[in-house]
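One structure below.
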Amino acid sequence: MLRVGRILFVTALSSVIAVGGISGCTKKPNEEELAKLEQARAAAESAERKLAELRSERMQLEQQLEQKKSELQLHEQERDELKTKMGQ
């Protein structure tokens, strides 16, 4: 029984290898496919650069926003102090 199982396993494995060998991997890409691949690669690199620029811009804008918020808070405190002084 064990021998039959091994024979079936070897037969199945050799069948898989034979089918893979017959079908082959893939054909080599032609010039048009290579050009499309290069265009896609260039577009991906461009998109990555744009993303990095936008992230940098966003960080700068967030820093400016925090500065403006702190300035606003200072001016509001000053306004409140002046209101209290004027009310007295």
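The values are calculated or read from the model by the stated rules, or taken from the named source; none is laboratory data. Every value quoted in this text rests on a predicted model; they were computed, and no experiment measured them. A quick note on method: Cβ atoms are made from the backbone with ideal geometry, for glycine too, and the neighbour counts reach across all protein chains shown.
Numbers for the structure displayed
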quantity: Cβ pairs under 7 Å, 6+ apart, first in region 36-49 and in contact (Cβ under 8 Å) with a residue 24 or more places away in the chain, second in a helix (DSSP H, G or I) and surrounded by 10 or more Cβ atoms within 10 Å (Cβ to Cβ); calculated: none
quantity: Residues satisfying the stated conditions in region 53-88, i.e. hydrophobic (A, V, I, L, M, F, W, C) and modelled with pLDDT of 95 or more; calculated: LEU54, MET59, LEU61, LEU65, LEU72, LEU74
quantity: Complete set of residues in region 29-43 that are surrounded by 10 or more Cβ atoms within 10 Å (Cβ to Cβ) and not basic (Lys, Arg); calculated: PRO29, GLU33, LEU34, ALA35, LEU37, GLU38, GLN39, ALA40, ALA42, ALA43
